[in-house]
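Here's the structure, in structure tokens; my notes come after.
The values are calculated or read from the model by the stated rules, or taken from the named source; none is laboratory data. Quantities reported herein were computed from a predicted structural model and do not represent experimental measurements. Backbone-built Cβ (ideal geometry, glycine too); neighbour counts: all protein chains shown.
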Amino acid sequence: MSENSVFARLAGGAALSSSLIDAALAARQIAAGTVPDSSAMTHAWLFTGPPGSGRSNTAVAFAAALMCTGEIPGCGECPNCRDVLAGKHPDLVHIVPKELSISVDLMRERVVATYLDFPSIADWRVIIIEDADRLSEGAANALLKTVEEPSPRTVIMLCAPSLDPHDISVTLRSRCRHVYVPTPSIAETTRILLADGGISEETAQLAAAATWGHIGRARHLALSEEAQSRRAQVLHLAELVYHREAAFQEVGSLVTRVEKETLAELAPLEDEEVEKVRNSFGAGVRGKGTAKMTKGMESELKELESKHKKRRTRSQRDAFDLALVDLAGLYRDALLLNAGADTSLTHPDFSGLARDLADRNSAAALTSCLDAIMQCRQSLGYNVRPVVALSGLVGRLRKACRVS
Ligand SMILES: [Zn+2]
């Protein structure tokens with residue numbers, strides 16, 4: 001496979017990419033009218049795999065291959081491939097839900113209404129729906145009716161965590177060809193990061209290990225100094241546990257930091273949504289009917305505000321959960337060292353601290369630390385305030401490590 005191929009940066013190995021390339025070759029013949037039909041190609045696909053395995057990147061790569069004009073589908077160099085990868089191809093509809101549920105309105109507007117349209121420049125139109133496990137019942141039904149009849153030139157690709165009926169309805173799943181994208185190994189994640197360019201081998205390896213082969217998180221950690229320093233601050237907590245009040249103070253600063261950083265990440269999206277509502281009411285226009293319009297706008301803005309509030313809470317909770325997963329990785333490393341296991345560590349750059357924890361604590365104490373972290377993750381899930389949950393965690397860690 002060529003280095004530039006859209007499939008070169010995917011997990012899942014050669015078997016997965018060659019079956020998608022075969023499908024794209026068949027699709028080409030169907031579009032050219034040289035064959036009416038082929039078992040290699042179908043109009044509805046379902047990509048599953050654990051978070052971070054790259055199921056949506058696989059769908060995007062396949063979309064590029066279907067539109068590609070290069071000799072081997074998915075060349076990565078033709079304008080169609082490049083525009084699909086950049087997310088700006090006119091024949092690609094890419095739905096990335098930002099809310100917990102995908103509404104029937106969104107499904108009607110962006111999928112049902114355009115399903116029978118012909119592509120504008122490429123051979124095929126592609127609709128990718130990420131997080132299809134968030135389809136509301138109405139949205140799933142609307143989608144099901146749509147995919148029951150193949151459209152001549154539109155391909156639908158759904159991405160979901162698994163085939164569990166909670167993630168994807170049995171009937172919808174039965175209309176799609178299933179592609180499983182496995183979690184990449186640490187070596188594979190490293191290779192994918194290196195293919196991106198601009199990342200040193202050491203950084204790529206570290207990021208791949210620290211995120212357990214979650215490609216998106218590994219990439220973020222490798223590239224973002226903020227993410228690196230936040231991770232260091234979290235792992236450092238394990239050391240501060242031995243320094244009386246310092247750990248509690250650090251919890252305060254960590255909580256403030258995570259909250260601030262999440263708000264900053266969401267701000268551009270929130271601003272954009274507010275702007276959209278204002279524009280839809282023609283904000284700034286004066287004249288008859290303005291008062292009525294203002295009232296409508298105000299109520300929509302209020303609704304949007306409460307949506308933003310929910311989303312902020314959720315993003316912050318996710319950020320704390322990931323921080324705790326990082327911390328658990330460190331205690332797991334200590335437990336492995338304690339047992340003398342010769343295996344690769346989650347946080348190789350913090351092996352000194354892990355060794356220190358292993359020397360100071362028994363296996364039982366380290367297991368209690370892991371339990372305490374799990375308990376903290378659960379209380380965050382029950383909406384306990386982060387500063388309370390994390391302070392409780394520090395107390396439990398001190399107790400487990402017998403720090404008086
Ligand atoms: Zn191409």
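A few points about this structure:
Listed here are the residues, each with its yes/no results for (1) closer than 23 Å to Ile129 by Cβ; (2) outside any loop (DSSP other than H, G, I, E, B).
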residue: Arg9; (1), (2): yes, no
residue: Ala15; (1), (2): no, yes
residue: Ala26; (1), (2): yes, yes
residue: Pro36; (1), (2): no, no
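- Looking across the range 160-182 at every residue that is within 17 Å of the chain's Cα centre (by Cα) and surrounded by fewer than 19 Cβ atoms within 10 Å (Cβ to Cβ), the one that is farthest from Ala132 (Cα to Cα) is identified as Pro182.
- Filtered by the rule that a residue be in a helix (DSSP H, G or I) and of a type in the set (Phe, Trp, Tyr), the range 348-404 gives a lone residue, Phe350.
This table checks each residue for (1) more than 24 Å from the chain's Cα centre (by Cα); (2) surrounded by 12 or more Cβ atoms within 10 Å (Cβ to Cβ); (3) over 19 Å from Leu322 (Cα atoms); (4) modelled with pLDDT of 95 or more.
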{"site": "Val255", "(1), (2), (3), (4)": "no, yes, no, yes"}
{"site": "Ala264", "(1), (2), (3), (4)": "no, no, no, no"}
{"site": "Pro268", "(1), (2), (3), (4)": "no, no, yes, no"}
{"site": "Asp271", "(1), (2), (3), (4)": "no, no, yes, no"}
{"site": "Glu275", "(1), (2), (3), (4)": "yes, no, yes, no"}
{"site": "Val285", "(1), (2), (3), (4)": "yes, no, yes, no"}
{"site": "Lys288", "(1), (2), (3), (4)": "yes, no, yes, no"}
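- Number of the condition not met by Ala222 [criteria: (1) of a type in the set (Gly, Ala, Ser); (2) surrounded by 13 or more Cβ atoms within 10 Å (Cβ to Cβ); (3) over 23 Å from Gly197 (Cα atoms)]: (3)
- Among the conditions (1) within 21 Å of Thr256 (Cα to Cα); (2) more than 32 Å from the chain's Cα centre (by Cα), the only one that Glu298 does not satisfy is (1).
- Residue tally, condition more than 15 Å from the ligand (Cβ to nearest atom), farther than 21 Å from Asp196 by Cα and surrounded by fewer than 16 Cβ atoms within 10 Å (Cβ to Cβ), over the range 71-102: 6
- Selection within the range 51-70 - part of a loop (DSSP other than H, G, I, E, B) and either of a type in the set (Phe, Trp, Tyr) or surrounded by 17 or more Cβ atoms within 10 Å (Cβ to Cβ) (or both): Gly52, Ser53, Gly54, Cys68, Gly70
- Qualifying residue in the range 110-122 (condition: within 16 Å of the ligand (Cβ to nearest atom), in contact with a strand residue (DSSP E or B) (Cβ under 9 Å, 6 or more places away or on another chain) and not in a strand (DSSP E or B)): yes
- The residue list Arg317, Arg360 contains one member that is under 27 Å from the mean Cα position of the chain (by Cα) and of a type in the set (D, E, K, R), which is Arg317.
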